[in-house]
1. If we scan the stretch 24-35, do we find a residue that is over 20 Å from Phe131 (Cβ atoms), assigned by TED's automatic domain parsing to the domain that holds Phe131, of a type outside the set (A, V, I, L, M, F, W, C) and at pLDDT below 80?
2. Within the group Val101, Val83, which residue is in the same structural domain as Ile124 (by TED's automatic domain parsing), crowded, with 18+ Cβ neighbours inside 10 Å and among the hydrophobic types (A, V, I, L, M, F, W, C)?
3. Which condition number in (1) crowded, with 18+ Cβ neighbours inside 10 Å; (2) out of contact with any Cys (no Cβ under 8 Å at 6 or more places or on another chain); (3) over 22 Å from Ile41 (Cβ atoms) is the one that Gln90 fails?
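The values are calculated or read from the model by the stated rules, or taken from the named source; none is laboratory data. As the structure is a prediction and not an experimental result, all values here were calculated from the model. Using ideal geometry, Cβ is built from the backbone for each residue, glycine included, and neighbour counts are taken over all protein chains shown.
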Amino acid sequence: MKFLYRILRWLFLGAIGVSAILIFLTIGFVWLWDINSINSIGEAKELLSKHGSIEHEQIINECSKLIKDGEERTLMHEDIPEVLKSLSPQYVRASEYSCEVNLYKQPGKGIGYFVKKSPSGSFILSWFNHFESWESHDIEVK
């Protein structure tokens, strides 16, 4: 009976140890993820709200070049076009029909801009904040 109690005690202590390690690893992963993000959530929201018509035109112009190129790719750090660097995006993803300028990203959520090519050939700029809603909101550029 004493032997059984020792085994149960070691199993219990082992379970606590494994749980502590898993918690530590989870906290470390979240910390590393946040450290690699250039903007915080608040900074990304502020960037969305402070940019006006001139910046929006620049986003459309730069993204339309990437879309017209038609190559599907993700641009990071030095590869990001100079005009878009003022936004401090985490990455820019381009395809044949759209361009995403992501200002803050967590798994399954993000904040940033989309430029989409319409069937007529014009480009539509919209912003998104997937922390609050899955909808994107078109921006009218004059």
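1. no
2. On the way: Val83 fails: crowded, with 18+ Cβ neighbours inside 10 Å.
None of the others qualify; the one that does is Val101.
3. Among (1) crowded, with 18+ Cβ neighbours inside 10 Å; (2) out of contact with any Cys (no Cβ under 8 Å at 6 or more places or on another chain); (3) over 22 Å from Ile41 (Cβ atoms), Gln90 violates only (3).
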